[in-house]
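**Student:** Please read through the structure below; I'll follow up with questions.
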Amino acid sequence: MSNSKTLPTPRGGMAGGKKAKNPAKTLKRLLGYALSRNKVAACFVVFFVLLASVANVPAASFVSSIVEELLAIAEGSRPNDLWNVVYPSVIAMAGIYMTGTLSAFAYNMIMMYVAQRTLKKMRDEMFAKMQNLPLKFFDTHTHGDLMSLYTNDVDTMRQLLTQTIPQLLSSFLTLIAVFVFMVIYSVTLLIVVLVVLVTIILATKYIGGMSAKNFVKNQKALGNLNGFVEEMTEGQKVIKVFCHEQKAKERFKVLNDELNEAGRKANSYSFILGPVVNNLGYVQYVLVAIVAAIVMAFGNEIGLLSIYCSVIKADSLQTNMIGCVAGMLISFLMFSRQFNMPVMQVSQQFAAIVMALAGAERIFEMVDTQPEDEGGDITLEQVDGRWVWKKPAEDGSFEYIPLKGDIRFKDVVFGYTDEKVILKNISLYAKPGQKIAFVGSTGAGKTTITNLINRFYDIQSGEITYDGLDIKSINKDDLRKSLGVVLQDTHLFTGTVMDNIRYGRLDATDEDCIKAAKLANADFFITHLPEGYNTMITGDGANLSQGQRQLLAIARAMVSECPVLILDEATSSIDTRTEKLIEQGMDKLMEGRTVFVIAHRLSTVRNSHAIMVLEHGEIIERGDHDQLIAQKGKYYQLYTGAFELE
């Protein structure tokens, strides 16, 4: 048994580790998504945000009038008329605050609606784009990477749209409104506020930056931990077989500690920021009060009386200067608190903004990935009950070429990257109705050849033709409709057994599916399932054996009625007896069809018309079974070794 000291590194999601490269561009594009179909709703959001932000500001100005009136009444310079002077101001304040509250409720509800529509549109585009991406994209991105786009990254944008953006807009408008009132009330005291504000901004920049940096690390650590848990959950049987439970726990502890440390630092800075900004606000409050006391003590002697009392209320002030200044100072202190609040709210949203824009950028990166080209303009059509290739001519007419299944490779060179060539000058042909087999060691290039027939990848040089047509000139969807494929790694979808067989041809009837199942020799075990063909399959066929899953995959290929079949280790998980029965059914299926077979069991390829022996991306031997046995080369060594093992 293995005695390795470490377990495989978990797959990290795309949600971790990087900040947005171009935040301004990403935010502009994200807002474009939000506004494209929600312009009217966005206008209402701006209106209600403006109303909610401004509503709370003038309400504080009523305090100065109330204080002034109460002081005037107290010293007897004005009659005691609370119902006509003070109470209306109190009622007006209550009405304004209520308006602000209702406006905040309104814009939050509308923004929630806008955000949900935006994210729905984005998920639709993401999934639609994912269906058009080449296989090369999925080769370079793990399942965890792609899943994180739909979960972590989309969720950060939901928070950005529903909370952060409205909060930023509200804070900006509140700052402007409060600033205007503070200028009117006292420029001197405003200078004190701005001096302290610079300190608050510097503290927010430093602490908020450290918080955002560690929140990004936290997201990466969370992705690593989630990926590890997913892999360990799927591989529990392997873990127990090799007694790696302790190693798994140790690796989990390391990843969990990394998440704990990143989360501790991120939240520490985040929690510190609020108290720091809040206490600096109290310092500002005290400084304003001290300067205000100086204003009241010395007044005109040092030229610090407010514009509000000196100019705006000069006509109605009469002799109650002290009452006016006192009321103004109380209102100004309220404004100073309101001025700090938006700054504190923005600082609290800083980390969310960083993560959301990074997530949005990753999503846009996937959406902007070059899609798989659709191929040529030759399509597949059915004419008089026969499948034909419909080829456009230069004069606007069409040429109809019968679909036969003649596939040829001519000097094909291919590599998944330009630096590493997999196939070297491969030339072969498969005439209609022939069975061509590929054998060789793992990594020799067998599966790669069948991937090229499907145009999952494009060749670097050479030519592949299908019924005399360059496959690049055939529309990819139509090309793949003509090919039935059974992969070594069987994938079943959530649904009934019948649905999974019908996946090979969606217009197939129940009778067609049952017929295909009988040909694949799957009907016997299907009829013994609890609900037969209506038995639900979940978890990629977890309730079926590997052999049963592969039988269903073969039945799915059979129901497609394609003229060309590609069988990649189609019987690798089936016992020898069942394999013989399947071969009998497949012999009927393969009549008149071109078949490409990849097999390690050489007994399954003996009746092939031609056998290609591959080694390091080259065909080193070719011929039928008897010819290759007579040559006593690589095939002879493989076959006799396999025979002895059997």
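**Student:** Filter segment 363-377 down to the residues that are charged (D, E, K, R) and either in contact with a Lys or Arg (Cβ under 8 Å, 6 or more places away or on another chain) or farther than 11 Å from residue 125 by Cα (or both), then identify the one that is most open to solvent (accessible area, probe 1.4 Å). Don't jump to the end; show me each part of the working.
**Tutor:** Step one: list which residues in segment 363-377 are charged (D, E, K, R), which gives 365, 368, 372-374, 377.
Keeping just the survivors that are either in contact with a Lys or Arg (Cβ under 8 Å, 6 or more places away or on another chain) or farther than 11 Å from residue 125 by Cα (or both) gives 365, 372-374, 377.
Working: 365: 112, 372: 40, 373: 74, 374: 140, 377: 100 Å².
Residue satisfying both the conditions and the ranking: 374.
**Student:** Touching a residue at least 12 places away in the same chain (Cβ under 8 Å), open to solvent by less than 10 Å² (accessible area, probe 1.4 Å) and out of contact with any helix residue (DSSP H, G or I) (no Cβ under 9 Å at 6 or more places or on another chain), is that true of residue 430?
**Tutor:** Taking the combined requirement at face value, the residue satisfies it.
**Student:** I've got another one for you. Exactly one of (1) at pLDDT 70 or above; (2) over 25 Å from residue 403 (Cα atoms) is unmet by residue 598. Its number?
**Tutor:** Going through the list (1) at pLDDT 70 or above; (2) over 25 Å from residue 403 (Cα atoms), residue 598 breaks only (2).
**Student:** Restricting attention to helices (runs of 4 or more DSSP H) lying wholly within segment 184-301, give those where 1 or more residues are closer than 22 Å to residue 350 by Cβ and either open to solvent by less than 80 Å² (accessible area, probe 1.4 Å) or not charged (D, E, K, R) (or both). Before you say what the answer is, go through the steps one by one.
**Tutor:** Working: elements: 187-234, 236-241, 245-298.
Once the helices (runs of 4 or more DSSP H) in segment 184-301 are filtered for at least 1 residues that are closer than 22 Å to residue 350 by Cβ and either open to solvent by less than 80 Å² (accessible area, probe 1.4 Å) or not charged (D, E, K, R) (or both), what remains is 187-234, 245-298.
**Student:** Return a yes/no flag: does segment 517-530 have any residue that is within 18 Å of residue 580 (Cα to Cα), without any contact (Cβ under 8 Å) to a residue 40 or more places away in the chain, open to solvent by 50 Å² or more (accessible area, probe 1.4 Å) and hydrophobic (A, V, I, L, M, F, W, C).
**Tutor:** Yes, because at least one residue in segment 517-530 is within 18 Å of residue 580 (Cα to Cα), without any contact (Cβ under 8 Å) to a residue 40 or more places away in the chain, open to solvent by 50 Å² or more (accessible area, probe 1.4 Å) and hydrophobic (A, V, I, L, M, F, W, C).
**Student:** Moving on to the next point. Scan segment 65-80 and give yes if some residue there is exposed (fewer than 13 other Cβ atoms within 10 Å of the Cβ), on the phi > 0 side of the Ramachandran plot and at pLDDT below 60, otherwise no.
**Tutor:** yes
**Student:** Any idea which of (1) open to solvent by 20 Å² or more (accessible area, probe 1.4 Å); (2) within 28 Å of residue 403 (Cβ to Cβ); (3) modelled with pLDDT under 80 is the one residue 576 doesn't satisfy?
**Tutor:** Failed condition: (2).
**Student:** Would you mind finding the one in 502, 455, 480 that is at positive phi and buried (at least 16 other Cβ atoms within 10 Å of the Cβ)?
**Tutor:** 455
**Student:** Within segment 459-472, can you find the residues that are surrounded by 14 or more Cβ atoms within 10 Å (Cβ to Cβ), out of contact with any Leu (no Cβ under 8 Å at 6 or more places or on another chain) and among the acidic types (Asp, Glu)?
**Tutor:** Answer for segment 459-472, where residues must be surrounded by 14 or more Cβ atoms within 10 Å (Cβ to Cβ), out of contact with any Leu (no Cβ under 8 Å at 6 or more places or on another chain) and among the acidic types (Asp, Glu): just 463.
**Student:** Restricting the first residue to segment 404-418 and requiring it to be closer than 11 Å to residue 463 by Cβ, which pairs with a second residue that is part of a strand (DSSP E or B) and of a type in the set (Asp, Glu) meet a Cβ separation below 7 Å and a spacing of at least six or different chains?
**Tutor:** Matching pairs, first to second residue: 410/463.
**Student:** Would you say residue 345 is within 30 Å of residue 278 (Cα to Cα) and either in a helix (DSSP H, G or I) or open to solvent by 20 Å² or more (accessible area, probe 1.4 Å) (or both)?
**Tutor:** For residue 345, the condition - within 30 Å of residue 278 (Cα to Cα) and either in a helix (DSSP H, G or I) or open to solvent by 20 Å² or more (accessible area, probe 1.4 Å) (or both) - is met.
**Student:** I would also like to ask the following. Give 433, 495, 443, 462 a once-over and let me know the one that is modelled with pLDDT of 90 or more, on the phi > 0 side of the Ramachandran plot and out of contact with any Ser or Thr (no Cβ under 6 Å at 6 or more places or on another chain).
**Tutor:** Criteria check complete, one pass: 462.
**Student:** Sticking with this structure for a sec: Residue under question is residue 62, and the condition is that it be in contact with a helix residue (DSSP H, G or I) (Cβ under 9 Å, 6 or more places away or on another chain), at pLDDT 65 or above and crowded, with 18+ Cβ neighbours inside 10 Å; does it hold?
**Tutor:** So residue 62 passes the test.
The values are calculated or read from the model by the stated rules, or taken from the named source; none is laboratory data. Because the structure is predicted, anything quoted here is derived from the model rather than measured. All Cβ positions, glycine included, derive from the backbone under ideal geometry; neighbour counts span all protein chains shown. Note: accessible area is taken over every heavy atom of the protein model, side chains too, but ligands, DNA and RNA are not part of it. Shrake-Rupley method; radii C 1.70, N 1.55, O 1.52, S 1.80 Å.
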